[in-house]
Structure formats: C-alpha cells, structure tokens
Amino acid sequence: VYQIRNCCEPPQRVMPNRMPSWGWRETHPMVYISQKDAEDYCKWLSRETGHYYRLPTIKEWELAALGGDIHVVSNERYNTASMAWYQNASSQNTTKTVATKQPNKLGLYDMQGNVWEWCMGGDTGLKRPIKGGSWNRRKEAFNIFNTEFVHPETKAYNIGFRPLVIYK
C-alpha cells in the first residue's frame with residue numbers, strides 16, 4: 001500500500017475509491033487493483049527508477065514461487081503453513097503484513113497466500129491470469145501450478161500484484 005500511495009501522489013493518480021473493510025495498511029499488499037492499474041504502476045516505477053518493471057508471465061511467476069528450481073513438478077515440498085497466509089491460518093479474514101512468513105529459496109515472501117497476483121499472458125478470451133491464492137483460500141486449495149483467470153478490470157479485496165524488475 002505504501003508504494004502505491006507514492007505512485008498516487010498528485011498529479012499522478014488517485015488511490016482506489018474502494019478500500020478493504022480493514023482499511024489501507026501501509027505494510028499490507030495492495031488490493032482492489034485491476035490488471036491495468038498494476039501495469040500502470042509498473043510503468044510509473046520504471047520511470048522513477050530507470051529500470052524496467054512489468055508483471056511476470058505465468059511461467060516466470062511459477063519459477064519464482066518454486067524458488068528457481070526448474071525440476072520441480074509439484075509443490076509438495078512447499079511448507080504452506082510456514083510460508084503463506086491462508087484461511088484458518090490466523091488470517092482473520094484480512095490481508096497480512098508482507099514478509100512476515102518464511103521466504104522461499106530465492107528470498108521471496110508471500111508467493112502463495114495473502115493475495116492473488118496478476119500475471120501477463122495466458123489470455124483466455126477476455127480473462128487474464130492470477131496466481132498464488134489468497135488469505136481466504138483453504139490450505140488444501142494451494143498449488144503453485146494453479147492459475148485462475150478473471151476479467152482484467154476486476155478489482156477485489158484479495159487480488160494484488162508483484163512487479164518483476166529487469167535491471168538495465
């Protein structure tokens with residue numbers, strides 16, 4: 001939320017009109033953001049930093065979630081309880097502060113749980129991919145290879161994003 005707030009300072013954009021019932025918490029992931037909003041943030045961040053930011057593809061997201069191990073065919077070794085916020089894991093029906101669970105082998109936090117994350121590609125008609133599950137999903141439903149598809153203008157209390165950076 002903190003990073004989006006910086007992007008939304010005038011004259012850039014405004015914070016989303018809709019806010020989650022728990023309010024905007026600076027250390028929580030941003031929600032109620034469409035795919036276009038996420039892409040616009042990546043463009044803004046690219047201008048601000050001089051590096052290229054974009055949403056990851058489905059395959060890039062999966063490789064990152066697996067800790068860079070290209071030989072994994074399932075996420076059986078993924079310790080969901082220690083690495084993800086999910087329903088019945090003290091999520092208390094809200095997002096949680098990012099990076100409070102254990103990171104994966106690449107040092108990435110919250111690759112599953114907390115919020116779904118927009119990805120590029122994988123277009124199925126008018127729908128776009130989201131990955132990772134969210135705080136309101138049961139642990140049994142988590143699978144790194146699961147991809148759901150939603151309309152790109154969807155703004156929901158459990159959908160956010162994770163920019164990928166390509167250093168120049």
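What residue, among those in the range 118-132 that are modelled with pLDDT under 90 and in a loop (DSSP other than H, G, I, E, B), is nearest to residue 55 (Cα to Cα)? So, considering only residues that are modelled with pLDDT under 90 and in a loop (DSSP other than H, G, I, E, B), the one nearest to residue 55 (Cα to Cα) is 121.
Candidates 67, 133, 122: the one that is small (Gly, Ala, Ser) and surrounded by 19 or more Cβ atoms within 10 Å (Cβ to Cβ) is 133. The residues of the range 70-98 that are of a type in the set (A, V, I, L, M), open to solvent by less than 50 Å² (accessible area, probe 1.4 Å) and either touching a helix residue (DSSP H, G or I) at 6+ places or on another chain (Cβ under 6 Å) or modelled with pLDDT of 75 or more (or both), listed by number, are 81, 83, 84.
Would you check which residues across the range 46-64 are open to solvent by 20 Å² or more (accessible area, probe 1.4 Å) and among the charged types (D, E, K, R) and list them?
47, 48, 54, 59, 60 - these are the residues of the range 46-64 that are open to solvent by 20 Å² or more (accessible area, probe 1.4 Å) and among the charged types (D, E, K, R).
Screening residue 21 with (1) modelled with pLDDT under 90; (2) surrounded by 13 or more Cβ atoms within 10 Å (Cβ to Cβ); (3) not hydrophobic (A, V, I, L, M, F, W, C) gives one miss only, at (2).
Checked against the criterion of being open to solvent by less than 50 Å² (accessible area, probe 1.4 Å), closer than 18 Å to residue 42 by Cβ, touching a Ser or Thr at 6+ places or on another chain (Cβ under 6 Å) and modelled with pLDDT of 90 or more, the range 104-117 contains one or more residues that satisfy it.
Residue by residue through the range 30-69, note down the ones that are closer than 15 Å to residue 161 by Cα, modelled with pLDDT under 95, hydrophobic (A, V, I, L, M, F, W, C) and not in a helix (DSSP H, G or I). Within the range 30-69, 30, 31, 33 meet the criteria. Scanning the range 147-168 for residues that are assigned to a loop (DSSP other than H, G, I, E, B) and farther than 14 Å from residue 115 by Cα gives 151, 152, 153, 167, 168. Residues considered: 157, 167. Of these, the only one that is in contact with a His (Cβ under 9 Å, 6 or more places away or on another chain) and either surrounded by 15 or more Cβ atoms within 10 Å (Cβ to Cβ) or not acidic (Asp, Glu) (or both) is 167.
The values are calculated or read from the model by the stated rules, or taken from the named source; none is laboratory data. Quantities reported herein were computed from a predicted structural model and do not represent experimental measurements. Here the Cβ is made from the backbone with ideal geometry for all residues, glycine too, and neighbour counts use every protein chain on show. Note: areas computed on protein heavy atoms with side chains; ligands, DNA, RNA excluded. Shrake-Rupley method; radii C 1.70, N 1.55, O 1.52, S 1.80 Å.
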